1. What's the magnitude of the charge dipole for the chain around its Cα centre, counting Lys and Arg as +1 and Asp and Glu as -1 at the beta-carbon? Answer in Debye, nearest 20.
2. So how do 142-155, 213-226 stack up, highest first, on mean other-Cβ count within 10 Å?
3. Please name which of G310, G267, G19 has its Cα lying farthest along the dipole of the chain towards the positive end, using unit charges on Cβ (Lys, Arg +1; Asp, Glu -1) and the Cα centre as origin.
4. At a 1.4 Å probe radius, carbon and sulfur cover how many percent of the accessible area of the chain?
5. 7 Å from Cα along Cα→Cβ at both A90 and L57: what's the point-to-point distance in nm?
6. Are there any trypsin sites (Lys or Arg not before Pro) in segment 274-349 that are in a DSSP loop and have at most 12 other Cβ atoms within 10 Å? List them by number.
7. For the chain, what is the percent of antiparallel DSSP beta bridges, rounded to the nearest 5?
8. First check a/c for segment 313-369, with a ≥ b ≥ c the square roots of the eigenvalues of its C-alpha gyration tensor; if it is under 1.5, answer rounded, and if not, answer prolate when a/b is larger than b/c or oblate otherwise.
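The values are calculated or read from the model by the stated rules, or taken from the named source; none is laboratory data. Because the structure is predicted, anything quoted here is derived from the model rather than measured. Reconstructed Cβ throughout: ideal geometry from the backbone, glycine too, with neighbour counts over all protein chains shown. Ligands, DNA and RNA are excluded from the accessible area calculation, which covers all protein heavy atoms including side chains. Shrake-Rupley method; radii C 1.70, N 1.55, O 1.52, S 1.80 Å.
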Amino acid sequence: MTEREDYSIELKGLTLGYGDRDIISGLNLDIRRGEILSLLGPSGCGKTTTLHAIAGLLSPRQGSIIIDGVDQTDVPINRRNVGMVFQGYALFPHMTVFNNVSYGLRIKSVDKEQIRQRVARALELVGMERFAHRKPKELSGGQQQRVAIARTIVMEPRVLLLDEPLSNLDAKLRQEIRGDLKRILRELSITSVFVTHDQEEAMFLSDRIVLMKDGEIAQVSSPREIYNHPASSFAAAFLGNTNFIAATLLHQTPDNTSCEVSVTETGQVLRARAALRFDAKQPVYLTVKHDRVGYTLSREAFLTLQQQPGISTMTCRIADVHFLGHVTKIECLAGNQAMTVLRPSACVEADLVPGATIYLSWPEDESLVLS
């Protein structure tokens, strides 16, 4: 297999838009065979527009869409063998689950016994085999979404496109369905493109995440890489759980891998990793994830931490404490500089009160300087 044959979908110089407005201009993206890739970003960033172009619902103004090595740019949706799962379930209310799932196969005049076998397999995959003779109104929202997924995979598409399929479900059900969805996609080894604005959902499901902003790709990485090593302040902010400490660059090592900065609010000097080359005295942000920050209420312990190499520290006062079940969120202030600590609730003292002094610390290599 050649390098190009490793890719199931190739988007080349894609320009997409509606009316007189371009939403995306010159987008290039290769999607590997069998991978689960998420298009992640805020509303209006172009992720759904990109998905619609792959499906054939939107014609590119420029560029090409290649699926399994064949140019599909001008091929209509019904000839692309691409499956699509939408937010809405769009089930036929008068048909049973079996007939909803088998509908596409019957339209294609597939043999009855093959239909029976393929529908049974699809319903088994989504855990709905016991509900084959029920109608949609007799099912919960989660069950209807499982049927919608079965209706798509029974057609054995070479590419599966999912447009925020879990957004209509409540939080608990969404977690349950996404676990089943990941299992199904892994079992089928089908190339899948998943559109979402939910960071946790993208990280749970994806082999890679494409983070989009204003019609452009801001970063393409594995979930772990994009979370731990965001390429920009936008990436760090969108993925959430990040403290941003306003600072000024003092020094950067010749290999550009680390920086020394002065915190704007306090003048304190801190060190951190660097992803870019910065200009002297440039305003920057030192970023550190909420869950990488530790704390102590003991000044003696804090003074000991300050003597340890490779540890950053900060003195704050507690602004508020939020118990969230398995984790507790501690909001702090150093002057006007906001800091958040996220710790397992079992490790958090019960006597944390607003106004009290709290001492924060984190490893220097867990923080990153961004422009």
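1. With only Lys, Arg, Asp and Glu charged at Cβ, the dipole is about 1240 debye.
2. Details: 142-155: 23.2, 213-226: 17.1.
Packing proxy ranking, top to bottom: 142-155, 213-226.
3. Projecting each Cα onto the dipole axis, the largest value belongs to G19.
4. 49
5. 0.6
6. Answer by residue number: R277, K281.
7. 75
8. Note, shape of segment 313-369 comes out oblate.
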